[in-house]
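Let me begin by presenting the structure, written as structure tokens, before commenting on it.
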Amino acid sequence: MQAFEALESNVRSYSRLFPAIFSRARGSIMLTESGRKVIDFLSGAGALNYGHNNHQIKAAIAEYLASDAVVHGLDMATPAKLEFMETFSSVILRKRGLQYRFQFTGPTGADAIEAALKLSRKVTGRKNIISFTRGYHGLSLGAVAASGNRFLRTASGVSLSGATFMPYDGYLGPAVDTAEYLRKALLDKSSGIDSPAAILVEAVQGEGGINVASKEWLQSIQAIAKDAGALFIVDDVQMGCGRTGEFFSFEFASLSPDIVVMSKSLSGYGLPLSMLLIKEGLDAWQPGEHTSTFRGNNLALVAATAALDIYWRCQNFSQGVQRMGEFMRRRLEAIASKHGNSFAVRGRGMALGFDCQVAEIAEVTTRKAFDKGLIIERCGPDDQVVKFLPALTVDHETLNDGLQIFEASLAEALK
Ligand SMILES: *Cc1c(COP(=O)(O)O)cnc(C)c1O
């Protein structure tokens, strides 16, 4: 690791938390250069829902590369892009009664968020964005302006503007309906809150601590956006692609967002790919008005199509994720109750958080877990929540082994 310290910027972060050189990976297992096997419950922060080097998806990529098909073509039309859009429309959208246009943005989630905010402002002629306490949307200036984390906001070095923060579901305790507060603030012409171009929300907050919004709350937010003349944007960058048990994180609430933002696991292989799903009447862009060199990378599109073909043509995969999520939740709740009631378990599907309440407990637990062979990350305002994001394709034995390592590490941390 000393060579990395000497060569790489001080900004590196995950390599500090997991100090090893990782040379190979497959499924839910990473191998270090020295031959140690480590279980991965971080999954590239949600970019590897189908595991590392998924062999079925890899076959599609390898075949595409071998055929000398176009890998980079800016946003020129290619068979790979057409096949992706057609497959996504038939396998995902049509079955859910949804209809969207595709906008391929720059490769990162933040790029896609920027495009969504810019389009909302263009469509409505307004500037303000409503976002929520503990929300996370990326680190470009527009995206970080809508993100709650003070450490990351401060690092921008400019005054961030254009967003008004409102309390997320549950932020003020179970007795307060924060959607009602938002409704009042937006419909009251003297509330001091500028009329919003959009309301931007995560159905489950990932980086913010695995905070889960209820169906009723999300439905209210969608209705409030409509009443306020604002676009309703769901950031599905981390919680999409099956993470919460269904393809989209908002399906359980039967929402119909104006814009859906997707990235992380979209390509299915950890290749960068981001896009917006835009409701037909809202596609107000002039040709070329928002561009980027690396949009809709063909290799990533081929991988994304393969992932849809393999996992989403029938219900089995989704049902399996829901079953495994329930199993994880029960195990984590049992671990929590063993230690009195000082811990909380939250989440939906296979996005689960174990709230240690105290940052140090979470920190020591994850450090000890890595020593024992488990990569697991923390989240929340004080990094006090241990965040479980195993691959959705993880086998039962590996899942169990990882949970056991967590349990043992927590017990040691509490000693
Ligand atoms: C990771 C993430 C982003 C930003 O994606 P990047 O690719 O890191 O720019 C945006 N929104 C959510 C919910 C995320 O988890």
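The values are calculated or read from the model by the stated rules, or taken from the named source; none is laboratory data. Being a predicted model, the structure only gives us computed values, none of them experimental. Cβ atoms come from the backbone with ideal geometry, glycine included; neighbour counts cover every protein chain shown.
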Matching option when the condition is under 30 Å from L152 (Cα atoms) and either of a type in the set (V, I, T) or without any contact (Cβ under 8 Å) to a residue 12 or more places away in the chain (or both), among I361, I310
I361
Any residue in the range 302-315 that is within 16 Å of the ligand (Cβ to nearest atom), within 22 Å of the chain's Cα centre (by Cα) and outside any helix (DSSP H, G or I)?
no
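Okay, residues lined up against (1) among the aromatic types (F, W, Y); (2) within 16 Å of the ligand (Cβ to nearest atom); (3) assigned by TED's automatic domain parsing to the domain that holds T305:
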site	(1), (2), (3)
K226	no, no, yes
L231	no, no, yes
V234	no, yes, yes
G242	no, yes, yes
E246	no, no, yes
F250	yes, yes, yes
P257	no, yes, yes
M275	no, yes, yes
I278	no, no, yes
Find all pairs meeting these conditions: Cβ atoms under 9 angstrom apart; at least six residues apart or on different chains; first residue within the range 271-284 and touching a residue at least 12 places away in the same chain (Cβ under 8 Å) and more than 14 Å from I233 (Cα to Cα); second residue within 12 Å of the ligand (Cβ to nearest atom) and hydroxyl-bearing (S, T, Y).
P272/T108; P272/S263; L273/S263; L273/S267; S274/T105; S274/T108; S274/S263
Might you let me know whether the range 182-197 holds any residue that is among the β-branched types (V, I, T) and under 30 Å from L42 (Cβ atoms)?
no
Please find, within the range 171-213, the residue that is farthest from the chain's Cα centre (by Cα) out of those that are surrounded by 14 or more Cβ atoms within 10 Å (Cβ to Cβ) and acidic (D, E).
D194
What pairs can you find where one residue is in the range 387-412 and more than 13 Å from I376 (Cβ to Cβ), the other is among the aromatic types (F, W, Y) and at pLDDT 95 or above, and their Cβ atoms are less than 6 Å apart, with a gap of 6+ or different chains?
T393/Y50
With the requirement that a residue be more than 16 Å from the ligand (Cβ to nearest atom), surrounded by 14 or more Cβ atoms within 10 Å (Cβ to Cβ) and farther than 20 Å from Q222 by Cβ, what does the range 138-170 give you?
G162
So V91 passes all but one of these: (1) in contact with a Phe, Trp or Tyr (Cβ under 9 Å, 6 or more places away or on another chain); (2) away from the ligand (no atom under 16 Å from the Cβ); (3) on the phi > 0 side of the Ramachandran plot. Which condition number does it fail?
(3)
Note: among G380, G353, just one is on the phi > 0 side of the Ramachandran plot, among the small types (G, A, S), buried (at least 22 other Cβ atoms within 10 Å of the Cβ) and in contact (Cβ under 8 Å) with a residue 40 or more places away in the chain, namely G380
Report yes if L266 is within 16 Å of the ligand (Cβ to nearest atom), assigned to a helix (DSSP H, G or I), touching a residue at least 12 places away in the same chain (Cβ under 8 Å) and within 24 Å of R96 (Cβ to Cβ), otherwise no.
yes
For the range 19-59, give me each residue that is under 19 Å from K368 (Cα atoms), surrounded by fewer than 20 Cβ atoms within 10 Å (Cβ to Cβ) and hydrophobic (A, V, I, L, M, F, W, C).
A20, I21, F22, I29, L31
Residue check, Q286 assigned to a helix (DSSP H, G or I), away from the ligand (no atom under 16 Å from the Cβ) and either in contact with a Leu (Cβ under 7 Å, 6 or more places away or on another chain) or not assigned by TED's automatic domain parsing to the domain that holds D355 (or both)
no
Please tell me if L255 is more than 17 Å from Y311 (Cα to Cα), touching a helix residue (DSSP H, G or I) at 6+ places or on another chain (Cβ under 8 Å) and crowded, with 22+ Cβ neighbours inside 10 Å.
no
Tell me the residue from A66, A62, A25, A77 that is at pLDDT 95 or above, away from the ligand (no atom under 16 Å from the Cβ) and touching a Leu at 6+ places or on another chain (Cβ under 7 Å), please.
A25
For the range 94-125, enumerate the residues that are of a type in the set (D, E, K, R), within 16 Å of the ligand (Cβ to nearest atom) and in contact (Cβ under 8 Å) with a residue 40 or more places away in the chain.
D111, K118
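Residues of the range 99-124 being out of contact with any strand residue (DSSP E or B) (no Cβ under 8 Å at 6 or more places or on another chain) and either more than 13 Å from D283 (Cα to Cα) or surrounded by 23 or more Cβ atoms within 10 Å (Cβ to Cβ) (or both), which ones?
Once the filter is applied, which keeps residues that are out of contact with any strand residue (DSSP E or B) (no Cβ under 8 Å at 6 or more places or on another chain) and either more than 13 Å from D283 (Cα to Cα) or surrounded by 23 or more Cβ atoms within 10 Å (Cβ to Cβ) (or both), the range 99-124 yields G106, P107, T108, A110, D111, E114.
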So, restricting to helices (runs of 4 or more DSSP H) that lie completely within the range 23-101, which ones have at least 1 residues that are over 27 Å from F250 (Cβ atoms) and over 24 Å from the mean Cα position of the chain (by Cα)?
55-66, 79-87
